[in-house]
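Beneath this line is the structure, given in structure tokens, with notes to follow.
None of the figures in this text is laboratory data; all of them are computed from the coordinates on show. These numbers were taken from a predicted model, which means no experiment stands behind them. Heads up, the Cβs are rebuilt from the backbone with ideal geometry, glycines too, and the neighbour counts pull from every protein chain shown.
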């Protein structure tokens, strides 16, 4: 999905860099990358990347996610969630597809959404 943690800047709608520490909620129609600390809930219609130095404490709802850093909270995704080798998730995940790379950490419950027959036919 994301290839590596160096997602092109032109593809990122919102960036919270390593020097930032924010509290609150984020609602966005675009892509989001967090390399700093964020405490609050995130709703994104597109992709969310948590960089290697990123820490999110809160709920995340996004289309797809790549987690290189730490998430402490529940995740909901209509697509794919990838926990990379440096990634750690402490919370429950509700998702269509989940990939945990070797070295990645997941502590919680996972619920894999069932695909409809028409969705299965397209794969």
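Observations, loosely collected:
- The alpha carbon convex hull volume per residue for the range 9-113 rounds to 76 Å³.
- Point-to-point label distance, residue 109-residue 17, nm (Cα→Cβ direction, 7 Å offset): 4.1
- Per principal axis, descending, Cα span of the range 9-67 in whole Å: 23, 23, 16
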